[in-house]
Amino acid sequence: MLPTPQPPPAIRRPRNPSAPPPPSSSSPSDGAEDPQPDIPISWPPDGQLSSEWVHRLIATFDWSSRNVAPSQFYSVLPVPVFDALVLAASKLLHKEPNCVSIGGLSPDSTVVVVGDVHGQLHDVLLLFREAGFPSENRYFVFNGDYVDRGAWGLETFLVLLAWKVFMPHRVFLLRGNHESKYCTSVYGFEKEVLAKYGDKGKHAYRKCLGCFEGLPLASIIAGHVYTAHGGLFRGNPAIPTLPKRSKRKKNRKVNLQQETNTLALGSLDELAKARRSVLDPPWEGQNLIPGDVLWSDPTMKPGLSPNKERGIGLLWGPDCTESFLKRFQLKLIIRSHEGPDAREKRPGLGNMDEGYTIDHVTESGKLITLFSAPDYPQFQATEERYKNKGAYIVLRPPNFDEPEFHSFDAVTPRPQVNPYYDFEDVIDSDEDLDLASMANND
């Protein structure tokens, strides 16, 4: 077995002076002393979002997370405003291709790549303050898993949707495996939305699911970097050709099994043609690429094989990483999907203590796993917490293919809140999934 590559130390660059000052990660302001913002939030009369509107939304959600009961959330962001924001974002997202191309970057541009955030609103706001907010020269690519486990998945998702609507060509939101009907029914987001919008909760949840279906699956940055939530994917299985039915043998049985079970990496053309608008990506049938992109994991074992632990997606080795990079003339793959709980079960791969790992180093480039939710998960059944850091990556000119790692600690203490799922008994790390339930949800 190849030795596990050791990641370089994360670095910190001076904060952009135009960005708001970051709060202390260990001593956030006391919410009780914060002035109450003007609530409820209203939709702009002309329907055009502004930087001021988005920042007001952020400040209001930060305040309400400390001072407003979840059952009163509708008084902060009324349903008509929720509807308008989600509709505006959904229209943009559904028009984007499966794999968005982020090009035309100027010499003074940077691209910030973010991994799983899982409803940890205050850590997301800290990340923005450290990295800088989206701007004409600062792009953001989010690798999915905005909701579930954390208690502020709704607020987190809505903040990111607001940035998308305000700066659609600077903020790119990809889909994670938790942006699905099945996962949100198990890991808390569905119950969170129902709690926060009461008798309008089912309506709001359906709107979120519709928005999830529009999220693109992957991105290519500056022609050199491929990002996706889970990672690589298989080629489409060959569809068997039915033999002509003999008139004399009307009841002749036809074998629809594939002639071979050999797995092969898919192409970007196949990715572009996949049908992503499904509530739960299928784990069997012809439309397997979305499930692969969202659920697959790397391994140190060469080759491509079914991901038996998760029951969906693939496992791919360093040889597959090299093949994919070389075939499409890429230098980096940045994926997410695995937090500290998942990584402690993956022999041969690095842990998630710093919020990132370099999993494969090949002749053509590298494979990186990026996780942006520090001290994850928010609710832990064990006395000893993981206490992992979160991280984000900054890509800089000229080629945008040299990752600059930034690790950060969680904002503590978090506001007191109850979980929206049974975190002590729920299945761990998305494994041992009820695949039949997933199939029935679509």
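The values are calculated or read from the model by the stated rules, or taken from the named source; none is laboratory data. Every value quoted in this text rests on a predicted model; they were computed, and no experiment measured them. Positions of Cβ are backbone-derived with ideal geometry, glycine not excepted, and every protein chain shown enters the neighbour counts. Calculation scope for accessible area: heavy atoms of the full protein, side chains included, ligands and nucleic acids excluded. Shrake-Rupley method; radii C 1.70, N 1.55, O 1.52, S 1.80 Å.
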*Please calculate how many Å² of accessible area the range 98-237 carries per residue, with a 1.4 Å probe and no DNA, RNA or ligand atoms counted.*
22
*Can you work out the PRE-style zone for HIS94? Point 7 Å along Cα to Cβ, and I want the residues of the range 185-214 with backbone N under 15 Å.*
206-214
*Output the peptides 410-420, 217-227, 43-53, 116-126 sorted from most to least packed, where packing is the average of other Cβ atoms within 10 Å over each peptide's residues.*
116-126, 217-227, 410-420, 43-53
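Taking 0.36 nm per residue of sequence separation and subtracting the Cα-Cα distance, how much length would be gained by fully extending the chain between ALA59 and HIS169, in nm to one decimal? Please report the intermediate quantities before stating the final value.
Details: separation 110, 0.36 × 110 = 39.60 nm, distance 2.36 nm.
In short, 37.2 nm is gained.
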*Measuring from label point to label point, each 7 Å out along Cα→Cβ, what is the LYS345 to ASP269 span in nm?*
3.8
*Using r as the Cβ-Cβ distance of GLU363 and SER106, and R0 as 25 Å, what FRET efficiency do you calculate, to the nearest 0.05?*
0.25
*Backbone HN-Hα couplings from phi across the range 197-207 [Karplus 6.51/-1.76/1.60, Hz, Gly and Pro as x]*: 10, x, 5, 9, x, 5, 4, 5, 5, 4, 5
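Which net charge results for the neighbourhood of LEU93, defined as the other residues with beta-carbon distances under 14 angstrom from its beta-carbon, given Lys and Arg at +1 and Asp and Glu at -1? All intermediate terms of the calculation are to be shown ahead of the outcome.
Working: positive: LYS91, LYS95, LYS164, ARG175, LYS207, ARG276; negative: GLU96, GLU179, GLU213.
So the surrounding residues net to +3.
If R0 is 25 Å, what FRET efficiency do you get for SER277 and LYS326 from their C-beta distance, rounded to 0.05? Walk me through the intermediate numbers first.
Details: r = 31 Å, r/R0 = 1.26.
The computed FRET efficiency comes out at 0.20.
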*Set the Förster distance to 35 Å, then compute FRET efficiency between ARG385 and ASP83 from the Cβ-Cβ distance, nearest 0.05.*
0.40
*So how much slack lies between ALA69 and SER50, counting 0.36 nm per residue of separation and subtracting their Cα-Cα distance, in nm?*
4.1 nm
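Give me the percent of the accessible area of the range 272-336 that comes from carbon and sulfur atoms, probe 1.4 Å, all protein chains in place. It would help to have the intermediate numbers written out before the result.
Values: 1390 of 2590 Å².
That fraction is 53 percent.
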*For the range 40-161, give the percent of accessible area contributed by carbon and sulfur heavy atoms, probe 1.4 Å, rounded to a whole number.*
55
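Ranked highest first by average number of other Cβ atoms within 10 Å, how do 172-184, 202-214 line up? Could the numbers behind the result be given before it?
On the way: 172-184: 26.3, 202-214: 18.8.
Taking the mean over residues of other Cβ atoms within 10 Å, the ranking is 172-184, 202-214.
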